[in-house]
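A short worksheet on the structure shown next.
The values are calculated or read from the model by the stated rules, or taken from the named source; none is laboratory data. Treat the numbers as computed from the prediction; the structure is a model and nothing was measured. Cβ placement follows ideal geometry from the backbone for every residue including glycine, while neighbour counts extend to all protein chains displayed.
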Amino acid sequence: MVGGEIIGFKRVDLPEYPFEALREAVVNAVAHRDYALEGQAIRIFFYTDRVEIRSPGLLPFGVTLEDVVHLRAQSRPRNPTIVQYLRDVPGYMERIGMGIRMMVHEARQLGIPDPEFSEPQEFAVTFRNGRDLAVEQTPFNARQLLALDLIRQKGSITSRDYSEATGISESTALRELRAMVERGAVVAQGKTRGVRYRLP
């Protein structure tokens with residue numbers, strides 16, 4: 001789930017998913033799952049286009065799925081003892097009541113779709129990496145199509161040019177440009193921080 005590119009003398013990691021958001025989803029699952037449901041477990045599923053974290057039980061009483069989706073859910077711990085323990089152990093639950101907002105923020109920072117929340121028979125959080133497996137004839141997103149237009153206009157661009165034109169982070173710009181290189185739509189010239197991307 002982590003790619004990389006050499007920029008200057010350093011490797012820049014290009015994660016497919018925001019690690020902090022995945023970690024937060026797992027910590028929330030541990031803190032808020034329904035432990036009265038015996039014989040069930042928290043499960044994590046990895047697919048080509050998404051990651052799902054599924055937690056036994058539905059949302060706590062007084063919290064609706066609509067509240068969660070619209071980022072207005074209040075913190076209502078189902079398991080206050082576990083929540084208190086996770087608060088006391090450094091690095092696990094510093095942001096009480098802010099987990100959902102943080103997941104959405106981290107996904108947007110990486111340039112992937114907002115996480116999806118559902119509870120068909122249990123509570124689930126789905127992170128999508130932006131790949132549309134059903135539309136192979138449209139291999140690029142809107143930002144990448146803009147990059148192609150910029151290259152046609154300027155002759156070549158850098159990852160910083162792409163980042164500034166689209167408003168995404170430079171690491172996301174590198175990841176998307178690298179995907180375009182892998183598909184043969186553009187070629188990379190140079191081995192240093194000034195690597196430029198142009199049409200073949």
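Couple of notes before you dig in:
- Residue count, the range 140-168 (criterion: closer than 18 Å to Leu110 by Cβ, surrounded by fewer than 15 Cβ atoms within 10 Å (Cβ to Cβ) and among the charged types (D, E, K, R)): 2
- Enumerated helices (runs of 4 or more DSSP H) restricted to the range 51-131, each holding at least 3 residues that are at negative phi and at pLDDT below 80: 80-88
- Residue that is farthest from the chain's Cα centre (by Cα), among those in the range 169-200 that are among the hydroxyl-bearing types (Ser, Thr, Tyr) and within 28 Å of Glu106 (Cβ to Cβ): Tyr197
- Scan of the range 53-78 for residues that are touching a residue at least 12 places away in the same chain (Cβ under 8 Å), out of contact with any Lys or Arg (no Cβ under 8 Å at 6 or more places or on another chain) and surrounded by 11 or more Cβ atoms within 10 Å (Cβ to Cβ), ordered by number: Leu58, Leu59, Leu65, Val68, Val69, Ala73, Ser75, Arg76, Pro77
Residue by residue, here is whether (1) in contact with a Pro (Cβ under 7 Å, 6 or more places away or on another chain); (2) within 12 Å of Phe123 (Cβ to Cβ) holds:
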| position | (1), (2) |
| --- | --- |
| Pro15 | no, no |
| Glu24 | no, no |
| Asp34 | yes, yes |
| Tyr47 | no, no |
| Ser55 | no, yes |
| Pro60 | no, yes |
| Leu71 | no, no |
| Thr81 | no, no |
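- Some residue of the range 179-199 being over 18 Å from Glu16 (Cβ atoms), touching a residue at least 60 places away in the same chain (Cβ under 8 Å), among the β-branched types (Val, Ile, Thr) and surrounded by fewer than 14 Cβ atoms within 10 Å (Cβ to Cβ): yes
- Residue check for Ala124: surrounded by 14 or more Cβ atoms within 10 Å (Cβ to Cβ), in the same structural domain as Leu58 (by TED's automatic domain parsing) and out of contact with any helix residue (DSSP H, G or I) (no Cβ under 7 Å at 6 or more places or on another chain): yes
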